[in-house]
1. Counting only residues that are of a type in the set (Ser, Thr, Tyr) and open to solvent by 20 Å² or more (accessible area, probe 1.4 Å), which one in segment 350-366 is modelled with the lowest pLDDT?
2. Please indicate, with yes or no, whether at least one residue in segment 37-45 is modelled with pLDDT of 80 or more and among the hydroxyl-bearing types (Ser, Thr, Tyr).
3. What are the residues in segment 229-260 that are open to solvent by less than 60 Å² (accessible area, probe 1.4 Å), assigned to a helix (DSSP H, G or I) and not aliphatic (A, V, I, L, M), if any?
4. Can you tell me which condition Lys444 does not meet? The list is (1) over 21 Å from Met336 (Cα atoms); (2) modelled with pLDDT of 95 or more, and all the others hold.
5. Identify, from the list Ala172, Ala166, the residue that is under 23 Å from Ser296 (Cβ atoms), crowded, with 24+ Cβ neighbours inside 10 Å and touching a residue at least 24 places away in the same chain (Cβ under 8 Å).
6. In segment 180-202, how many are open to solvent by 40 Å² or more (accessible area, probe 1.4 Å), assigned to a helix (DSSP H, G or I) and touching a helix residue (DSSP H, G or I) at 6+ places or on another chain (Cβ under 7 Å)?
7. Quickly run through segment 350-361 and pick out the residues that are within 25 Å of the chain's Cα centre (by Cα) and either in contact (Cβ under 8 Å) with a residue 40 or more places away in the chain or more than 14 Å from Val283 (Cβ to Cβ) (or both).
8. Limited to segment 156-189, what total is found for residues that are over 14 Å from Ala213 (Cα atoms) and of a type in the set (Lys, Arg)?
Amino acid sequence: MSKTNMWTDKDFRNGLLKLALPIAAQSFMLSAVGVADTLMLGGVEQNAMSAVSLATKIQFIQNMFISSFVAALVILGAQYMGKKDDRSVSKLFCITLNACGVASMLFFIACEFFPQYIMLAFTNDPELIAIAADYLRIAAWSYLLTGVSQCYIALLKISDRANNAATISGVAVVVNIGLNAVFIFGLAGMPAMGVRGAALATLIARVIELAWAVGLSFRKDYFKPDYSQLNKRDPALRHDFIVCLWPLLGAGLLWGVGFTAYSAFMGHIDQDAPAANSVASSVIELMCCMCNGLASGGGILVGNALGSGDLEKGKLYGTRIVKLSFPVGIVTSLLMFAITPLVMAVVHLTPTAEEYLHSMMLVMSVYTIGRVVNTMTINGIIDAGGDTAFDMYSLAVTMWGIALPLAALGTFVFHWPVWVVYACTCVDEVGKIPWVIAHFRKYKWVKDLTRE
């Protein structure tokens, strides 16, 4: 096909923006919940904010499972959508729904009945453990719903309904934030519930999100899954799903457990480090929303092209997304640096925690470039063609082979300053850019994964 400029190619430009902008908005709104929790609980007590920040790492790990299952659905589903094979998409949806249901039940049981024991992995402070356990006993019920709702939202994205997915998530977030204020501070005649109020607000928002997403699937002109496939087996498609899933799950767990370990390191330094890390984590998720949208939107476009059999078009679209990742990364990095004074002015922490946060924000200004480029290249394009193993290998080498050991040594052996330990946790993203680009240029990811 003609290699026109990406912005003069109307099909590419309009298709990317139609997908990326709603997904970026959805990502932003979801991240806004974390920011709202941080700011509101910080207004109650710093320990409440720190405890919930650590407690939500449990959900973070659950999301690694759910996100991996859903990513496999999106990768294969986008290709079958490009092939216009709705029956296979329904089968993939049912396979994913079953997997998400099992994972959600296991995390619910752990958080509802054994929260104190789980929190020992993140902190040895009895006060933080007690506060986090109160939060988890209520939030656990929302963990039952998350996997199911994410399956339906993924189906909306790959069936050209990304706007609806963004609307659902956006409304759920607004409800969550509004109820946060009501329940945490005791507004509108409600009792002040603190961390339990934050958990209750999350649960109500998840109920609304699930009911809306399921309801849309029954509307005319929307993709309605064939639920009769829930108890049926398609060995060939299940095999393809598992082959796609295992590297995604491996990468998700390597990244999720590693990222959680970073938070645990902060929790073992002092009470101020988790508070600063909580704010820093919320800010980076907000700032990377556009790259998340471009990665997901670009991946769906590439998957549609590959599934339709047009491998050259998929290769061209992938190359354009990777080229776009560098200016997006640089702009995001500059914005991170520019908003540091604003973040410091808005957040109210102890003097020590504020000092930690300032240094973390400066470190993130560099880290963001690597985060954006790698997200758009690996999670967006390389995964879209089914080359899901590369992400797992790269994380095993850079995060588990370099960043984690350095951070662990700095925390428990050498007792380095907090900002140095934090910098160790960020070194992997920047360091692996050359490896990522070299692998991309081998074009092993240019594959049609569909079956006849």
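1. Top of the filtered list is Thr350.
2. Checked against the condition, which is being modelled with pLDDT of 80 or more and among the hydroxyl-bearing types (Ser, Thr, Tyr), segment 37-45 yields no hits at all.
3. Listed by number, the residues that qualify are Gln229, Asp240, Phe241, Cys244, Pro247, Gly250, Gly252, Trp255, Gly256, Gly258, Phe259, Thr260.
4. Of (1) over 21 Å from Met336 (Cα atoms); (2) modelled with pLDDT of 95 or more, only one is false for Lys444: (2).
5. Among Ala172, Ala166, only Ala172 is under 23 Å from Ser296 (Cβ atoms), crowded, with 24+ Cβ neighbours inside 10 Å and touching a residue at least 24 places away in the same chain (Cβ under 8 Å).
6. 2
7. Initially, segment 350-361 is screened for residues within 25 Å of the chain's Cα centre (by Cα), giving 356-361.
Scanning segment 350-361 gives Tyr356, Leu357, Ser359, Met360, Met361.
8. Selection size over segment 156-189: 0.
The values are calculated or read from the model by the stated rules, or taken from the named source; none is laboratory data. What you see is a predicted model; the values in this text were computed from it and never measured. Note that each Cβ is placed from the backbone with ideal geometry, even for glycine, and that neighbours are counted across all protein chains shown. Ligands, DNA and RNA are excluded from the accessible area calculation, which covers all protein heavy atoms including side chains. Shrake-Rupley method; radii C 1.70, N 1.55, O 1.52, S 1.80 Å.
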